[in-house]
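Here is the structure we will look at, set down as structure tokens.
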Amino acid sequence: MGSTPPTLLILVPARSGSKGVPGKNVKPLGSVPLLGWTARAIRAAGLPARAILTTDDPRIADVGRGEGLEVPFLRPASLASDRTEMVEVVEHAVAWLEAEQRYRPRAVMVLQPTCPFRRPERLRQALDLLALPGTEGVIGIARLERSPALLYREEADGFLLPLAAWDAATIRQAVRPTLTPNGTLYLSTRESLTRHHRLFPPRLRGLPTTAIEGIDIDAPEDWALAEAVVAAGLAAP
């Protein structure tokens with residue numbers, strides 16, 4: 001009799017065709033390909049999970065396999081464009097695994113390789129949060145130590161409109177921080193994914209991460225910052 005399949009599915013999405021940093025998913029950061037940083041964090045976390053790379057590119061697939069990720073399929077090109085929503089990629093992977101391998105996880109975690117510096121313990125912390133009653137999902141977050149009254153959007157006429165009414169009586173120390181997703185981690189139950197078709201379900205908890213963990217490589221200056229972090233010894237795969 002075979003062992004029981006792990007109930008956690010970890011997906012690492014890495015498509016071809018990056019415009020900001022061409023070939024970034026397999027480009028060496030330090031001595032390790034970018035997606036290798038995420039693969040090694042998964043191994044270091046030591047979770048009972050299937051770790052699967054979803055990509056449209058055979059070269060990325062080969063690098064992923066070399067880093068210990070499963071690559072049971074190649075993602076269709078239609079799900080590898082700039083306009084593809086991440087939830088579409090996740091639902092494709094989940095549907096393929098269920099149809100082709102009869103594997104149905106209870107929870108799905110998405111780890112983007114463009115955030116290479118997440119700490120392995122964050123994966124375990126996220127699962128602890130998901131286990132809290134009523135929780136449908138967990139996301140990595142950054143804290144904005146600003147009142148919404150000090151956050152603005154630009155109107156069509158060029159003037160700035162605060163996101164909340166100004167209250168001069170509120171002192172800085174009393175302001176509850178505003179939170180924003182930083183791309184380090186997305187985790188949701190399989191049931192929530194089926195019900196809401198979103199990585200941001202209504203019953204959502206946040207997992208705070210450091211500024212270095214929140215570095216998301218999308219442009220050349222992001223890559224330069226990541227290289228500086230590695231050169232300074234502030235992160236290691």
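When the residues of the stretch 213-235 are filtered to those that are touching a Ser or Thr at 6+ places or on another chain (Cβ under 9 Å) and of a type in the set (Asp, Glu), the one that is surrounded by the fewest Cβ atoms within 10 Å (Cβ to Cβ) is Asp218.
Does at least one position in the stretch 20-34 carry a residue that is buried (at least 16 other Cβ atoms within 10 Å of the Cβ), within 15 Å of the chain's Cα centre (by Cα), part of a helix (DSSP H, G or I) and modelled with pLDDT of 95 or more?
Pass one, the stretch 20-34, residues buried (at least 16 other Cβ atoms within 10 Å of the Cβ): 21, 24-26, 29-30, 32-34.
Narrowing further to those that are within 15 Å of the chain's Cα centre (by Cα): 25, 34.
Now restrict to residues that are part of a helix (DSSP H, G or I): 34.
Within this subset, residues satisfying the condition of being modelled with pLDDT of 95 or more are 34.
Within the stretch 20-34 (the criterion being buried (at least 16 other Cβ atoms within 10 Å of the Cβ), within 15 Å of the chain's Cα centre (by Cα), part of a helix (DSSP H, G or I) and modelled with pLDDT of 95 or more), the answer is yes, since at least one residue qualifies.
The residue pairs whose first member lies in the stretch 140-167 and is more than 17 Å from Gly214 (Cβ to Cβ), whose second member is acidic (Asp, Glu), and whose beta carbons are closer than 8 Å, counting only pairs six or more residues apart or on different chains, are Ser147/Asp167; Ala149/Asp167; Leu160/Glu154; Leu161/Glu154; Leu161/Glu155. Among the residues making up the stretch 54-97, those that are within 18 Å of the chain's Cα centre (by Cα), assigned to a helix (DSSP H, G or I) and within 20 Å of Arg190 (Cα to Cα) are Met86, Val87, Glu88, Val89, Val90, Glu91, His92, Ala93, Val94. Does the stretch 204-237 hold any residues that are in a loop (DSSP other than H, G, I, E, B) and of a type in the set (Val, Ile, Thr), and which are they? Scanning the stretch 204-237 gives Thr209, Thr210, Ile212, Ile215, Ile217. For the stretch 40-67, filtering for residues that are in contact with a strand residue (DSSP E or B) (Cβ under 8 Å, 6 or more places away or on another chain), under 22 Å from Trp223 (Cα atoms) and touching a residue at least 60 places away in the same chain (Cβ under 8 Å) leaves 2. Within the stretch 1-14, the residues that satisfy the criterion of being under 20 Å from Glu91 (Cβ atoms) and either at pLDDT 95 or above or open to solvent by less than 70 Å² (accessible area, probe 1.4 Å) (or both) are Pro6, Thr7, Leu8, Leu9, Ile10, Leu11, Val12, Pro13, Ala14. Scanning the stretch 103-141 for residues that are within 13 Å of the chain's Cα centre (by Cα) and aliphatic (A, V, I, L, M) yields Val108, Met109, Val110, Leu111, Leu123, Ala126, Val138, Ile139, Ile141. When you look at Arg50, is it modelled with pLDDT of 95 or more and open to solvent by 50 Å² or more (accessible area, probe 1.4 Å), yes or no? Against the criterion (modelled with pLDDT of 95 or more and open to solvent by 50 Å² or more (accessible area, probe 1.4 Å)), Arg50 does not qualify. The set of residues in the stretch 181-212 being open to solvent by 50 Å² or more (accessible area, probe 1.4 Å) and among the basic types (Lys, Arg) consists of Arg195, Arg198, Arg203, Arg205.
The values are calculated or read from the model by the stated rules, or taken from the named source; none is laboratory data. Note that this is a predicted model, so its numbers are computed, not measured. Every residue, glycine as well, gets a Cβ built from its backbone with ideal geometry; the counts of neighbours run over all protein chains shown. For accessibility, only protein heavy atoms count, side chains too; no ligands or nucleic acids. Shrake-Rupley method; radii C 1.70, N 1.55, O 1.52, S 1.80 Å.
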